[in-house]
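In what follows, a structure is listed as structure tokens, so that the remarks can point back to it.
The values are calculated or read from the model by the stated rules, or taken from the named source; none is laboratory data. Bear in mind the structure is a predicted one, so any value in this text is a computation, not a measurement. A quick note on method: Cβ atoms are made from the backbone with ideal geometry, for glycine too, and the neighbour counts reach across all protein chains shown.
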Amino acid sequence: MDSELLNIHMQEADRRMHWDDQAGQSRLNAAIEAEEMNLFILLKPTLTKDGNQWCVLYGESLQVGVAGFGDTPRLAIYDFNKRWDESA
């Protein structure tokens, strides 16, 4: 009976450790997502649909501004952030 009880306690400890890992990963993902949105929120670029893609544009045109494209608004924002860093 003692080994069975020990096994139950070990399984419960494993579940708790797994839950803690998942919760930590969720918090990290949320922090990364918030960081990705900071530039978009700060600069307030335009977000428009361009054909089958979304476009985030900061500036008057594609020629003089910084733009990012993606299949979703979120992917367009990620691309915009990358291109913003490249233009600096």
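Could you please let me know if Ser3 is without any contact (Cβ under 8 Å) to a residue 60 or more places away in the chain, loosely packed, with under 10 Cβ neighbours inside 10 Å and among the small types (Gly, Ala, Ser)? Yes. Entry remark, segment 42-60: residues being out of contact with any Gly (no Cβ under 6 Å at 6 or more places or on another chain) and surrounded by 10 or more Cβ atoms within 10 Å (Cβ to Cβ) number 9 in total. Within segment 58-69, residues that are farther than 16 Å from Leu43 by Cα have Cβ atoms under 9 Å from residues that are among the acidic types (Asp, Glu) in these pairs: Phe69/Asp50; Phe69/Asp79, counting only partners at least 6 apart in sequence or on another chain. Residues that are part of a strand (DSSP E or B) and among the β-branched types (Val, Ile, Thr) within segment 25-77 comprise Thr46, Thr48, Val56, Val66, listed in sequence order. Within segment 55-88, which residues are among the hydroxyl-bearing types (Ser, Thr, Tyr) and in contact with a Phe, Trp or Tyr (Cβ under 7 Å, 6 or more places away or on another chain)? Across segment 55-88, the qualifying residue is only Thr72.
Residue-wise test of (1) under 24 Å from the mean Cα position of the chain (by Cα); (2) not basic (Lys, Arg).
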{"residue": "Leu5", "(1), (2)": "no, yes"}
{"residue": "Arg15", "(1), (2)": "no, no"}
{"residue": "Gln25", "(1), (2)": "yes, yes"}
{"residue": "Gln53", "(1), (2)": "yes, yes"}
{"residue": "Val56", "(1), (2)": "yes, yes"}
{"residue": "Val64", "(1), (2)": "no, yes"}
{"residue": "Asp71", "(1), (2)": "yes, yes"}
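Take the conditions (1) within 17 Å of Ile32 (Cβ to Cβ); (2) surrounded by 18 or more Cβ atoms within 10 Å (Cβ to Cβ); Lys82 misses just one of them, which is (2). Taking Trp19 as the residue in question, decide whether it is exposed (fewer than 15 other Cβ atoms within 10 Å of the Cβ), modelled with pLDDT of 85 or more, in a helix (DSSP H, G or I) and not β-branched (Val, Ile, Thr). So Trp19 passes the test.
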